[in-house]
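A short write-up of the structure that comes next.
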Amino acid sequence: MSTFDLACYLAAKRAEVDALLDARLPQPADDPGRLVEAMRYSLLAPGKRLRPILAMAAAEAVGARLGEPERIAAAAVELVHCYSLIHDDLPAMDDDDIRRGRPTSHKAFGEATAILAGDALLTLAFEWLADAAALASWPSRYALAIRALARGAGAAGMVRGQARDMLPEPPATLEAIERLHVEKTGALFHAAMEIGAAVAGASAEEAESLGRFGVCYGIAFQHADDRDDGEHGGFAARARERIRELVAEAIAAAQSFGDAAAPLCALAQRLDDASAPSQ
């Protein structure tokens with residue numbers, strides 16, 4: 001692990017994901033209401049692409065060689081993540097004006113188009129998973145991936161977390177904060193790991209270990225983000241301890257895969273650094 005070049009790995013994977021997103025969502029000549037333009041505006045904005053990279057790293061940990069179907073399945077997670085950011089920024093939600101250094105979608109295109117762009121990205125994610133299945137040698141694996149993404153994105157996962165985050169009273173304990181993190185942030189990281197495991201043909205034991213990594217990583221990721229934004233308040237010291245504990249749990253879950261899990265372990269360890277991970 002000490003010799004693993006995480007920066008090089010991330011740059012290469014990010015370039016793969018960016019190229020795939022751009023190629024698979026071209027700008028059509030006929031674009032009523034600038035819908036696709038709005039989709040591309042948010043989807044192709046500069047980002048770390050952590051969720052699809054984690055999906056690919058999970059597949060690689062199992063020993064899979066990444067082909068077009070596996071990459072498409074991983075990229076589908078980014079579509080869902082992007083939709084969630086568009087909707088999260090809306091005036092009815094967090095009411096944010098800037099995202100990734102640019103005006104948010106509703107500021108650039110209006111609220112109606114932003115809502116439609118988010119809706120379109122969410123549904124496109126499942127179309128891409130179906131496309132990946134049609135290209136794959138083992139299409140049945142992609143049914144598991146579809147289920148994982150639906151659960152992670154829906155009322156049992158990310159949407160549930162958003163609903164919890166909209167409650168009038170904020171979480172009052174660290175345990176309540178982590179419950180929110182599990183749903184709003186962790187659920188999609190968990191889904192990314194499940195998708196990577198599924199398309200790689202992971203065993204039930206391997207899938208469980210990768211899923212556990214995703215849960216721990218997701219909670220630690222949000223703690224690290226809150227830490228660097230100064231949002232922990234009176235829980236700051238304990239939250240820092242929790243990052244270390246969760247990073248250790250995540251690495252322990254991945255270590256059974258040996259050297260193939262070096263990207264996962266390095267990504268987890270990075271959360272204990274001083275700088276916040278970018279979404």
Report whether or not GLU169 is modelled with pLDDT of 95 or more, out of contact with any Asp or Glu (no Cβ under 8 Å at 6 or more places or on another chain) and charged (D, E, K, R).
-> no
Which of the residues that make up segment 55-90 are touching a Ser or Thr at 6+ places or on another chain (Cβ under 6 Å) and of a type in the set (Val, Ile, Thr)?
-> ILE86
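Quick one: which of ALA176, ALA191, ALA156 is of a type in the set (Gly, Ala, Ser) and not in a helix (DSSP H, G or I)?
It is ALA156.
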Going by the structure shown, is LEU10 surrounded by fewer than 23 Cβ atoms within 10 Å (Cβ to Cβ), within 22 Å of ALA253 (Cα to Cα) and modelled with pLDDT of 95 or more?
-> yes
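Going through segment 135-153 one residue at a time, which ones are in a loop (DSSP other than H, G, I, E, B) and polar (S, T, N, Q)?
Kept after step one, since they are in a loop (DSSP other than H, G, I, E, B), are these residues of segment 135-153: 136-139.
SER137 - this is the single residue of segment 135-153 that is in a loop (DSSP other than H, G, I, E, B) and polar (S, T, N, Q).
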Could you say whether any residue in segment 5-25 is of a type in the set (Lys, Arg) and in contact with a Lys or Arg (Cβ under 9 Å, 6 or more places away or on another chain)?
-> yes
Taking segment 166-211 and keeping only residues that are within 23 Å of VAL247 (Cα to Cα), polar (S, T, N, Q) and either surrounded by fewer than 20 Cβ atoms within 10 Å (Cβ to Cβ) or in contact with a Pro (Cβ under 9 Å, 6 or more places away or on another chain) (or both), one is left with THR173
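Which one of ARG24, ARG34, ARG65, ARG40 is charged (D, E, K, R) and under 18 Å from the mean Cα position of the chain (by Cα)? Give the derivation first.
Values: ARG24 fails: under 18 Å from the mean Cα position of the chain (by Cα); ARG34 fails: under 18 Å from the mean Cα position of the chain (by Cα); ARG65 fails: under 18 Å from the mean Cα position of the chain (by Cα).
Unique residue meeting the criteria: ARG40.
The values are calculated or read from the model by the stated rules, or taken from the named source; none is laboratory data. Model, not experiment: these values are computed from the prediction. Please note: Cβ atoms are built from the backbone with ideal geometry, for glycine as well, and neighbour counts cover all protein chains shown.
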